[in-house]
Every structure is written in C-alpha cells, then in structure tokens.
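Q: Before I ask anything, here is the structure I am working with.
The values are calculated or read from the model by the stated rules, or taken from the named source; none is laboratory data. The shown structure was predicted, so the numbers you read here are calculated from the model rather than taken from an experiment. Neighbour counts run over all protein chains shown; Cβ positions are idealised from the backbone, glycine included.
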Amino acid sequence: MALIKDGAFVDDAWTTVGDDDPVPGDQPAIVGFERWQRDRDQLLARGAPLGVRLSSDQPPALIADDLGHFDVVALEFPRFGDGRAYSYARLLRQRHGYTGEVRAVGDVLRDQFLFMHRCGFDAFEVTDQTEIGHWQQALSEISVVYQPAADDRPPAPTQRAAT
Amino acid sequence: MYRYDEFDQTLVDERVVQFRDQVQRRLSGELTEPQFKPLRLMNGLYMQLHAYMLRVAIPYGMMSSEQLRMLAHIARRYDRGYGHFTTRQNIQYNWPKLPEVPDLLADLAKVQMNAIQTSGNSFRNTTADQYGGVAADEIEDPRIWSEIIRQWSTLHPEFSFLPRKFKIAVTGSPNDRAAVRFHDIGIVIVEGDGGEIGFEVLVGGGLGRSPFVAKTIRDFLPKQHLLSYLEAILRVYNQLGRRDNLFKARIKILVHETGTEEFARLVEDEWAQIKDAGVDLSVEEVGRIKAYFAPPVYEALDADVAEFRAQRDADPDFDLWAGTNLAPHRQPGYAIVNLSLKPEGGPPGDATADQMDRVADLADTFSLGEIRVTHEQNLVFAHVRQADLHELWTELTAIAMTTPNMGLITDTICCPGLDYCNLANARSIPVAQRISRRFADLKLQHNIGELRIKMSGCINACGHHHAGHIGILGVDRKGEEYYQITLGGSGAEDASIGKVIGPAFSEDAVVDAVATVVNVYVAKRKDGERFLDTCRRIGPEPFKEKLYGAH
Amino acid sequence: MNLRTLTANRLGDGAVVYLTGDGDWSRSINDGRLITSTEEGDDALRVARRCLEAHAVVEPYLIDIIADTGSRRPAGTRELIRSRGPSIAAGVPAEQR
C-alpha cells in the first residue's frame, strides 16, 4: 500500500487502527466510526492528531459536528463500483466545509482517479505503485469538464462565458 | 442541431486516446479481462454471443446526413454492412474487432459522435421525442434540455458509479412519444399556471424484472433549475440506492421502497441546499445551446397543398402511406415523415450501409440534411415540403422504407434477442419476422388499426414488452424457446404495464396466439376503439378463453 | 456424464472458438476436443486458463454436445446459435438479398 498526495508517492505518517487494537498515544491515528463513538473521550485526550474512517454506508452527516477533531477523514471504496464515497467527499467539502485531508481508501484505481480528485479527495491509498506518471496522466488525459464539483477545474460553460 | 465547440470536441478526442490506451493495454496483456471489462463497458463495448458489440449514442435521436454517412462507413469498414437502431436511440454494431475499435471511435469523433457511457452504471444516452422542434402539439423543444443534460451527465465525477444504469428521457409534448414514464427520470415540459414553461419531473419508471410506471415528484420545476434538481435526485439515489442486490439497484426500487412522497421530500431537502450553488447553467449558456435548435428557415407555404392532395387522390399506395406514416408539422405546407425500418420479413430496426447512405442523400435533398431515430426503431425526416412527398415516397420505396405501418401490428419493437445477445433467453427477431409476414396484408393491418407489439428476448426488457399493447417475452424452458404474452401495456402518456395472460407458448404456437388475441379484439371492439381500449374495457378473460379455453 | 466440449470467445474479434485436442482453438465445433469425464473437463479448463492468461481468449466454459456420426452440435438453443451464427439474415429481409 502506498499513499499519493500532491502528485507524489509520500510516506504515510498515519496508522489505521482496528476497532479493538490499541491506539498509539503519540502518533497520528485513523480510527473507525464505531471506535470514535465508543472511545471519543479517550481519543480526544491523546496528544496526537486523529483521523476517522467511514465505510461506504456511513455518510459524513454522522460526523458533521465533530469534524473539527479530525485531520483526516478516510472514505472507503469497498469495490471501485461502489460510488457512494464520491457524494460523501463532495458533501464533506461543499456542505460541511471540511478542509482537512479527505483520503480515498479501499479499491482505489487510476481509472477513477480523476473522478475522486474532482469530488474533493486529496490523498489516495493505492496498491498500484508502478509509476506515479500513470496516476498523473489519469488526471490530465481528459481536460474538459462539464460540471462544477469540489475541484477548481473550470467547467466548459464557465470557460465558454469567458471567451 | 447542436454542433460541438472546441470543448465538446476536445473531450471526445481525448476520450478516444484514453480508450485506445486501454485497448492497447488489454491486447498487450497488461490488463486482464476482469480489469478491462469495466473499462470497455464504460465505452459501450460488450462481448456478445458471436463477437464484440459496440453501442454508439445518437443523442436524443438527432443525426446530420454527414453523421449518418459515417455510420454507414463504419458499418462497411468495421462491421458487416449493417447496424441496428435501438429503443434508446442508439445504433449497435454487431461485429467490430477489438483492435479496430479505437479507429472506429476516432472516425466517429470526426463527425461529433461517440460511445461514451452507452453502457455501465452511469447516465446513458438522454433520449427525447423524435419530433422535437417540429411537432404540432409541442409546448417547447425537448432537444435543448436534452443537450443540456447530455453535457452535464457526461463523465460526471460524482455519478459515474451509480448503483445501476440511469436513463433520462424528455418530451415537450403532452402526447408522449419518448416513453418517459418508463425511464429512471422522465421530464415533461409543461406550462405552469401563469403561462410560464417548466418541467414536470417523474422518477422511478422502468421495465425489466420489476416494471414500474414513473411517479411525479414535482409538478412544476422552473426551467433554470433543471440541473440542480437532477443533481439532487442523483445525490439521493447515489447514497441510498441499493447496492446489495443487482436486481434491486435501479432507482425505481428505491422510490418504491421509500415511498414517492418521502423520496420527493429527500430530493427537495437536498435541492434546497444546492439550488443556488452554481450547478444550473447561466441564462447565456442556455441561450447559446438553444440557438442551435432555432427553427430552420421554412418557405412560406399554404397549409393546403393542392399538388399533394391530387397525388393522394391519384395514387392509392401513396395515399395509404401518407395517411399512416406522416405526422402533423407545426409549419404550414410541411410534414413529418416516418421511414419504416419494419419491412415485411425484416429484422426490426436494422439498416444496411447502402440504405443509410441513401437516406443521408435523401435527407439532404428533402429534409435539410437531418435525420432522427425513434425509440420505436424507425427513422424520421422532420422537415419535408408536402409538395415533395410523392417524390420522396418514390425514392424511399426503392430502399424498402415506405411500409405504411407506423403504429400498426407489424411496426414491432424488438430487441436483438438470442440471435446476438449474451443475456437473451430466446430469439425475438425471427418471431417479429413471422408476425410481420402473417399480418403483411395491408388491408388487414389497417383494419386492425393501432396495435403496438413489443418483444424482448429476456426479462431485461430492452424490447419494452411490458409497454406493448401486446407484449411478448422470450423465456427459456430447458433449452427450448417459449414466449409469454402480456396484454394491455402502453408506453405512451397513458402508460401502463401489461399483464401476463397465461402460460407461455412454444415458438411454433406464439404467432397463432397473437392472431387469436387479435381476432378476439376484432370481434369485441366497439366503433373507434383501439386494441388497447378494448383490452382495457373487456379485461383478460375473453382473450384467455380463446387462448386456453380448449385445454 | 454428458458429452462435452469447451468453448470461449477469441480476444481480438470475439469469435466463438472451441478448444481442440492439441490445445489450439478452432472456429468449428467439429474440431473441438471431446470431453467424456470430469477429469478431461478439468484438464480442458486448465488448458483454457493458460490461454486466458496468454490473452488469447475470454470466458471459457464447458458445454454439452450431441455427437452423431461425423458431426456434432451443442445441446440447447443458445449454444446452437453460438456455433452457427445468427439464425436470421442480417440487415434486410431474406427475400431482398
């Protein structure tokens, strides 16, 4: 597993912790939503950054009031065809105003990379580590977009108005 | 009609390059079939029984003669000289070779066509009334809004992996020629109380395993909010649509299980939050797209064309055709011409490359170089001077496209069935052919009157059998083909789902069974009653009695 | 057990092919290897899987066939149509071709 951020493979400072595993006290840790609900006070009492991971049937409304506690929200793609997290990412960014890291985890493939990027994901846990160029190409091979989303690509209608 | 600008063209060209790379990776072995399959499906490329099949979108059924000539070229160069027009205003090629598909797509892109999202769990081709802009009964041109939806729904980042495929249809007339009530979203252009134009929005229609007629969730949506409202519907569906069961994943099941009112509330809640968030197009952009659909310059003609009248009087064959295959045009002195793709004994919806070329030429001569495809698998010339009709009829007769059978018993909707399709359980084309031969006699057909037979080779219902006045569904019984008959369906504004009449018939018996049903109707009908009317009035019993009574 | 053979579609053109006795592929079902036991079926599937990995064919599977003297045909309409091609004339009515 490798992490892509800002167009490069980077070291992942975060540890994803299972629901019954011990949470490291001094390292950035990502916990599941159930764990967050169960151990909220202990997790907040730690002195290290905290992230939360939502499965594809856990919409971000569940954590809307707690977003200030999280530096990372990881959204799961249990398989690439389960597209719920695209909506969740946009809601996080555009409805709940979340500005921390939104991380795509699970079945994250380069054929969906552009869509994820457009919906507001900015970190990607991937298994295909062959070449970062392939991933960058996936972001640039289609240069026209028709709809506004959570990215800053200007949609065609906006560009038409400007010309 | 709409013409691509640099943005539209760039996207389609880039998509061809992207797909060429994916095909290359597959052929080189870098991609396995399970990895490649979703990629090819996102570009309309299926593996069928005998070969690959490529589905090409004809957005809301509109084609220029140049585009149709390219479709003919593709049929010749990459296929076996013919194509099949479908119930969703697409064309399918049955024999393309994988290494050549990128070149095929590059050729399509030269004439502003593509196969983007003609399969896969995303938006499919947006379909519309084939008479857009010319129908006498039209409130407003549905093509403008179909094109707006086409662009918005292309490579939508949030909605490219929906629970299941998603089909939108638009009509601008109260008479529904686009089967909008059997779509995931049906959009009906309506006039509001104050005279302003807007949309009635219906959701959750569909055929297949669980047929539903769409329900209205909004009586009147102001025009400028179409895209934000669609985005709200899709966002609700993307999050809540079932992903645990393929057969329950369409939005119709979500609407059914949630309840129409509650679903509408969820959509309205979502919409309230995004309606002013920049999804909707500016007035200027709508205007830009609308300008492409401005009415052409017609000649100022009398509504009464003496020449046309005289030709009808003089030639009974022409008269019969004119009475059956023409539709009223909003412009005096003009007519809408339906070209039948249902000749006696022909596979419904098929056209050869030679026919396509000839139709393109005739469109240039007689109909402003424009052709439309209908969901009933016929073609349309939308701007023909009535004075030219006889000459056009003569030319079309030479390519077997003047069978005077629009809306009649031989104007069958028919899927490719088990002759081509990997999903099919039984053949449908041969049954349609036999029906068209059995009822070939024009006097007989016209005596029977409007009767829409729709036939599918499996439960997925590409042939809309649920919506047929007579529906025929092919089923497999231990390796043998059987056919179940439904009665009383309609795909029009009075949409209804046909009911199964009884046990299925064997291949040998099914055409006789259809004839029996027709005979019951003819015996029981009252003056002016269509088959559907009689069927609704008398119910299934009289039909059952004749079909099964002896047993 | 029923008489069987193994079929697939060719990667390049999607054509229907049958696995032959010597591990090649043929367009004709009459060249297909006859499979008379579970072991022979497993063996054919193993060969097919290698061809799958070599990107020659897709979706291989076993089908029941009926063998008369000299010729074979698949049991069931679907495979019969696969082996013979569409049962209808394409594009135009037969009488006009």
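Q: For segment B:26-48, indicate whether the set of residues that are surrounded by 22 or more Cβ atoms within 10 Å (Cβ to Cβ) and among the β-branched types (V, I, T) is non-empty.
A: No, that holds for no residue.
Q: Output the strands (runs of 3 or more DSSP E) that fall wholly within segment B:42-157 and possess 1 or more residues being closer than 30 Å to B:Q224 by Cα and not β-branched (V, I, T), or say none.
A: In segment B:42-157, B:52-57, B:62-64, B:90-93 are the strands (runs of 3 or more DSSP E) which contain 1 or more residues that are closer than 30 Å to B:Q224 by Cα and not β-branched (V, I, T).
Q: If I ask for residues that are more than 26 Å from C:T69 (Cβ to Cβ) and more than 14 Å from every other protein chain (Cβ to nearest Cβ), which ones from segment C:44-59 would you list?
A: C:L45, C:R46, C:V47
Q: (1) in contact with a Leu (Cβ under 6 Å, 6 or more places away or on another chain); (2) in a helix (DSSP H, G or I): which one isn't true of A:Q94, the others all being true?
A: (1)
Q: Okay, next question. Taking segment B:492-513 as the search range and keeping residues that are in a loop (DSSP other than H, G, I, E, B) and of a type in the set (D, E, K, R), which one is surrounded by the fewest Cβ atoms within 10 Å (Cβ to Cβ)?
A: Only one residue tops the list, namely B:D508.
Q: What pairs come out if I take residues in segment B:389-403 that are closer than 17 Å to B:D354 by Cβ and pair them with residues that are assigned to a loop (DSSP other than H, G, I, E, B) whose C-beta lies under 6 Å away, six or more apart or interchain?
A: B:L396/B:T402; B:A400/B:P343; B:M401/B:S340
Q: Hey, could you check segment B:296-354 for residues that are touching a residue at least 60 places away in the same chain (Cβ under 8 Å) and basic (K, R) and say which is surrounded by the most Cβ atoms within 10 Å (Cβ to Cβ)?
A: Here the answer is B:K342.
Q: If A:R90 passes every condition in (1) more than 17 Å from A:D6 (Cα to Cα); (2) facing chain B (nearest Cβ under 7 Å); (3) in contact with a helix residue (DSSP H, G or I) (Cβ under 7 Å, 6 or more places away or on another chain); (4) without any contact (Cβ under 8 Å) to a residue 40 or more places away in the chain but one, which one does it miss?
A: In the conditions (1) more than 17 Å from A:D6 (Cα to Cα); (2) facing chain B (nearest Cβ under 7 Å); (3) in contact with a helix residue (DSSP H, G or I) (Cβ under 7 Å, 6 or more places away or on another chain); (4) without any contact (Cβ under 8 Å) to a residue 40 or more places away in the chain, A:R90 misses (4) alone.
Q: Which ones in segment B:21-36 are within 11 Å of chain A (Cβ to nearest Cβ) and in a helix (DSSP H, G or I)?
A: Selection gives B:D21, B:Q22, B:R25, B:Q35, B:F36.
Q: Under the condition of being in contact with a His (Cβ under 7 Å, 6 or more places away or on another chain) and not hydroxyl-bearing (S, T, Y), which residue from segment B:124-150 is farthest from B:A492 (Cα to Cα)?
A: Ranking the qualifying residues of segment B:124-150, first place goes to B:V134.
Q: Right, another one. Considering segment B:197-237 alone, what residues qualify as being part of a loop (DSSP other than H, G, I, E, B) and not charged (D, E, K, R)?
A: Once the filter is applied, which keeps residues that are part of a loop (DSSP other than H, G, I, E, B) and not charged (D, E, K, R), segment B:197-237 yields B:G204, B:G205, B:L207, B:G208, B:S210, B:P211, B:V213, B:A214.
Q: Another question, if that's okay. Consider B:E158 carefully, then state whether it is in contact with a Cys (Cβ under 7 Å, 6 or more places away or on another chain) and within 14 Å of chain A (Cβ to nearest Cβ).
A: Spelling it out, B:E158 is indeed in contact with a Cys (Cβ under 7 Å, 6 or more places away or on another chain) and within 14 Å of chain A (Cβ to nearest Cβ).
Q: Also, I was wondering about something else. Given the condition among the basic types (K, R) and modelled with pLDDT under 95, answer yes or no: does some residue in segment A:93-101 qualify?
A: no
Q: Looking only at segment A:120-163, which residues are part of a loop (DSSP other than H, G, I, E, B), among the aromatic types (F, W, Y) and in contact (Cβ under 8 Å) with a residue 24 or more places away in the chain?
A: The one that is part of a loop (DSSP other than H, G, I, E, B), among the aromatic types (F, W, Y) and in contact (Cβ under 8 Å) with a residue 24 or more places away in the chain: A:F121.
Q: Pull up segment C:76-90, narrow it to residues that are at pLDDT 90 or above and either on the phi > 0 side of the Ramachandran plot or not in a helix (DSSP H, G or I) (or both), then point me to the one that is nearest to the other protein chains (Cβ to nearest Cβ).
A: C:P86
Q: Could you run through segment A:97-111 and say how many residues are within 14 Å of chain B (Cβ to nearest Cβ), in a strand (DSSP E or B) and acidic (D, E)?
A: Final tally of qualifying residues: 0.
A quick yes/no check of all residues on (1) crowded, with 17+ Cβ neighbours inside 10 Å; (2) out of contact with any Lys or Arg (no Cβ under 8 Å at 6 or more places or on another chain); (3) within 14 Å of chain B (Cβ to nearest Cβ); (4) under 19 Å from A:R118 (Cβ atoms):
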site: A:M1; (1), (2), (3), (4): no, yes, no, no
site: A:A8; (1), (2), (3), (4): no, yes, no, no
site: A:T15; (1), (2), (3), (4): no, yes, no, no
site: A:P28; (1), (2), (3), (4): no, yes, no, no
site: A:L50; (1), (2), (3), (4): yes, yes, no, no
site: A:I63; (1), (2), (3), (4): yes, yes, no, no
site: A:F80; (1), (2), (3), (4): no, yes, yes, yes
site: A:G83; (1), (2), (3), (4): yes, yes, yes, yes
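Q: Look at A:L3 and say whether it is over 30 Å from B:N245 (Cα atoms) and assigned to a strand (DSSP E or B).
A: When the stated conditions are applied, A:L3 passes them.
Q: For segment C:45-91, name all the residues that are over 17 Å from C:L6 (Cα atoms) and touching a Lys or Arg at 6+ places or on another chain (Cβ under 7 Å).
A: Answer for segment C:45-91, where residues must be over 17 Å from C:L6 (Cα atoms) and touching a Lys or Arg at 6+ places or on another chain (Cβ under 7 Å): C:S87, C:A89, C:A90.
Q: Name the single residue, out of those in segment B:238-250 being within 24 Å of the chain's Cα centre (by Cα) and part of a loop (DSSP other than H, G, I, E, B), that is surrounded by the fewest Cβ atoms within 10 Å (Cβ to Cβ).
A: B:A249
Q: Here's something else I'd like to know. Filter segment B:88-104 for residues that are more than 9 Å from every other protein chain (Cβ to nearest Cβ) and under 22 Å from the mean Cα position of the chain (by Cα); which is nearest to B:R76 (Cα to Cα)?
A: Only one residue tops the list, namely B:Y93.
Q: Quick check on my filter: what residues within segment B:431-449 are assigned to a loop (DSSP other than H, G, I, E, B) and away from every other protein chain (no Cβ under 14 Å)?
A: Matches in segment B:431-449: B:F439, B:D441, B:G449.
Q: Next question, about the same structure. Just to be sure before I move on: is A:F80 out of contact with any Asp or Glu (no Cβ under 8 Å at 6 or more places or on another chain) and more than 25 Å from B:D8 (Cα to Cα) in the structure I sent?
A: In short, no.
Q: Kindly indicate whether C:L52 is among the aliphatic types (A, V, I, L, M) and either without any contact (Cβ under 8 Å) to a residue 24 or more places away in the chain or in a helix (DSSP H, G or I) (or both).
A: Against the criterion (among the aliphatic types (A, V, I, L, M) and either without any contact (Cβ under 8 Å) to a residue 24 or more places away in the chain or in a helix (DSSP H, G or I) (or both)), C:L52 qualifies.
Q: Hey, another quick one. Here are some residues: C:T36, C:T5. Which one is closer than 21 Å to C:T69 by Cβ, of a type in the set (V, I, T) and in contact with an Asp or Glu (Cβ under 9 Å, 6 or more places away or on another chain)?
A: C:T5
Q: While we're looking at this one, here's another question. Could you run through segment A:116-135 and say how many residues are more than 10 Å from chain B (Cβ to nearest Cβ), surrounded by 14 or more Cβ atoms within 10 Å (Cβ to Cβ) and out of contact with any strand residue (DSSP E or B) (no Cβ under 9 Å at 6 or more places or on another chain)?
A: Final tally of qualifying residues: 0.
Q: Out of all the residues in segment B:460-491, which are assigned to a loop (DSSP other than H, G, I, E, B) and surrounded by 19 or more Cβ atoms within 10 Å (Cβ to Cβ)?
A: B:A461, B:C462, B:G463, B:H464, B:G468, B:H469, B:G488, B:G489, B:G491
Q: A further question on this structure: Taking B:T352 and the conditions (1) within 14 Å of chain C (Cβ to nearest Cβ); (2) touching a Lys or Arg at 6+ places or on another chain (Cβ under 8 Å); (3) over 17 Å from B:G61 (Cβ atoms), which numbered condition does it fall short on, given that it satisfies the others?
A: All conditions are met except number (2).
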